[in-house]
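The values are calculated or read from the model by the stated rules, or taken from the named source; none is laboratory data. None of these values were measured; they are calculated from a predicted model. Cβ placement follows ideal geometry from the backbone for every residue including glycine, while neighbour counts extend to all protein chains displayed.
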Amino acid sequence: MNELQVFTNEQFGKVRTLMINKEPYFVGNDIAKILDYKEPHKAIVRHVDEEDRMKHPIPTNGGIQETWIINESGLYSLILSSKLPTAKKFKRWVTSEVLPSIRKHGMYATEELLNNPDLAIRVFQELKKEREEKAKLQKQIQEDKPYTNFGKAISNSEDGILIGEYAKLLKNDGIIIGQNRLFKWLRDNGYLIKSGRRKNEPVQRYLEMGLFEVKEVVVHTSTGDKIRTTTLITGKGQMYFIEKLRKEFGMGVEAC
């Protein structure tokens, strides 16, 4: 879905977004101006990694123009680099309202739904499909729970575990994959972010489904305190992935 959607906030104004390959993108110029960058184009190039930005044709008053668009990782890069006092408030609006609505419906739930019955029908059909998929997932998880020793190991642990530890559990169950290859598999199949500053963090959809947890740790360095994140797989996530991994790597060769 590549339709341009415009979100409006009384304090921050308008933000244009679009979906590309099921990933939300933002018009970089809108974000940079809201965050008070004096030279939006230079700010995007300076603060956003190459893999998190790209040129895309966007309708403007002067016609269609190739404009920088940025993904979610690029959005956070601009927010973190901004000196605007209200940057955190802007981030809260985007992460608590805009992004969840985009992921659920492919658009922001505004008056547009009320004024466009056809659009409302399409949105509710997508929502119905999403709920059916979640119900199917829950049923599958319940059916998979009795899995021998692996299932018992998971049921005895309430907390999430490191991906490397999960790889060791898989090995004990005959699934030979290794930590590095497991990380790669999770990235290649869309469960973890592939690149940028948030590489190996869960994609929001699967975080919301409860398959992962993210643990934040403050690290003291010579240049100041930094926050580092660690991805954990929950018990629910371990049960979700085991059958998929068993089919693909059950007879595999061990990798680091």
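What are the residues in the range 164-209 that are assigned to a helix (DSSP H, G or I), modelled with pLDDT of 90 or more, of a type in the set (S, T, N, Q) and exposed (fewer than 14 other Cβ atoms within 10 Å of the Cβ), if any? Passing the criteria: only 180. Can we say residue 91 is out of contact with any helix residue (DSSP H, G or I) (no Cβ under 8 Å at 6 or more places or on another chain) and under 22 Å from residue 193 (Cβ atoms)? Criteria not met by residue 91.
So, residue 6, is that one assigned to a helix (DSSP H, G or I) and loosely packed, with under 15 Cβ neighbours inside 10 Å or not? It is false that residue 6 is assigned to a helix (DSSP H, G or I) and loosely packed, with under 15 Cβ neighbours inside 10 Å.
Please work out if residue 15 is part of a strand (DSSP E or B), more than 16 Å from the chain's Cα centre (by Cα) and buried (at least 21 other Cβ atoms within 10 Å of the Cβ). Yes, satisfied.
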